[in-house]
Amino acid sequence: DTAVSQTPKYLVTQMGNDKSIKCEQNLGHDTMYWYKQDSKKFLKIMFSYNNKELIINETVPNRFSPKSPDKAHLNLHINSLELGDSAVYFCASSPSSGGAVDTQYFGPGTRLTVL
Amino acid sequence: KQEVTQIPAALSVPEGENLVLNCSFTDSAIYNLQWFRQDPGKGLTSLLLIQSSQREQTSGRLNASLDKSSGRSTLYIAASQPGDSATYLCAVRPGDSWGKFQFGAGTQVVVTP
């Protein structure tokens, strides 16, 4: 069974479109994250939710909106896509966000290409 | 602001040699440090997590050390194998920020048969 899954794996779309990426974890973790990995391979955190509550919101354009319907799911919706949004987006989860046990488990990534 | 640097950016070794990967960070007030492996086109796999109070962690052929005062961590991989070829990333969690891991750019490792 896949621990952290993301859909879709690949996403190719035109500038200006709106798209969503979905993430699910079956590990029973309390905390989930969205990361962006750019072409230079730097991973930067975007958002984190703990038990459906937003706890990290880095400097990300408000075109990006995360939604957590329950603690096993964290979706990322992007409005008005721009060329610079092209990247690999990773979802991750950890048992907690504030304790010692915050080993992060990553999904396989979603490669977004904006044309 | 915490900055995490990994040197070298790329490394190629013959099979059987020991690997030494370096990670340095500018702010020693960290909560923990985690080493990951990333295979091409795939997500990250956690290898070792070292708490700020620990000096090292070991798992099989992997050993990670942490020297907080000098802002350094080293990942040792003993007797490297071609299957160890991947990009290795270190990530630092600041002491005052829940979940905000700061990642290095990684070291790309190639182990040749």
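Given the C-alpha centroids of the stretch A:54-103 and the stretch B:1-71, what is the distance between them in whole angstrom?
24 Å
Return the value, in Å² to the nearest 100, of accessible area buried between chains B and A (probe 1.4 Å, both sides summed).
1700 Å²
Could you size up the charge dipole of the stretch B:8-113 around its Cα centre, putting +1 on the beta carbon of Lys and Arg and -1 on that of Asp and Glu, and report it in debye to the nearest 20?
That gives the stretch B:8-113 a dipole magnitude of about 220 debye.
Counting DSSP beta bridges in chain A, what percent are antiparallel, to the nearest 5?
90 percent
Using only C-alpha atoms and all pairs of different ones, pull out the Kirkwood radius for chain A in Å with one decimal.
14.1 Å
How big is the charge dipole of the protein assembly as shown about its Cα centre, in debye rounded to the nearest 20, if each Lys and Arg gets +1 on its Cβ and each Asp and Glu gets -1 on its Cβ?
Details: 21 positive and 20 negative charges, 53 e Å.
Charge dipole, the protein assembly as shown, about its Cα centre: 260 debye, nearest 20.
Listed highest first by mean packing, meaning other Cβ atoms within 10 Å per residue, what order do B:55-64, B:35-44 come in?
Going from most to least packed, we get B:35-44, B:55-64.
Run down the aspartates and glutamates and flag those whose C-alpha is under 17 Å from the C-alpha of B:K42, throwing out any fewer than 8 positions away in its chain.
The qualifying aspartates and glutamates are A:D1, A:E24, A:D38, B:D84.
About the Cα centre of the stretch A:55-115, what is the dipole size in debye to 20, counting +1 per Lys and Arg Cβ and -1 per Asp and Glu Cβ, all else neutral?
Around 120 debye, computed over the stretch A:55-115.
Find, to one decimal place in angstroms, the Kirkwood hydrodynamic radius of the protein assembly as shown, where the mean of 1/r is taken over every pair of different Cα atoms and then inverted.
With all distinct Cα pairs of the protein assembly as shown included, I get 18.0 Å.
Kindly give the semi-axes, whole Å and largest first, of the ellipsoid equivalent to chain B, taking each as the square root of 5 times a Cα gyration tensor eigenvalue.
Whole-Å semi-axes of the equivalent ellipsoid: 24, 14, 12.
For chain B, report the accessible area per residue in Å² (1.4 Å probe, heavy atoms, rounded to an integer).
That works out to 47 Å² for each residue.
Rounded to the nearest angstrom and ordered from largest down, what semi-axes does the equivalent ellipsoid of the stretch B:19-68 get from its C-alpha gyration tensor (root of 5λ)?
20, 13, 10
As a test of the definition: which semi-axes, in Å, follow for the stretch A:15-78 when you take the square root of five times each eigenvalue of its alpha carbon gyration tensor? Largest first, please.
Ellipsoid half-lengths, sorted descending, are 20, 14, 12 Å.
Based on DSSP, what percent of beta bridges with both residues in the stretch B:3-113 are antiparallel, to the nearest 5?
90 percent
Leaving ligands, DNA and RNA out of it, report the carbon-plus-sulfur percent of the accessible area of the protein assembly as shown at a 1.4 Å probe.
49 percent
The values are calculated or read from the model by the stated rules, or taken from the named source; none is laboratory data. Here the structure is a predicted model, which means the values were calculated and not measured. In this analysis, Cβ positions are derived from the backbone assuming ideal geometry, glycine residues included, and neighbour counts consider all displayed protein chains. Just the protein is used for accessible areas: all its heavy atoms, side chains included, with ligands, DNA and RNA removed. Shrake-Rupley method; radii C 1.70, N 1.55, O 1.52, S 1.80 Å.
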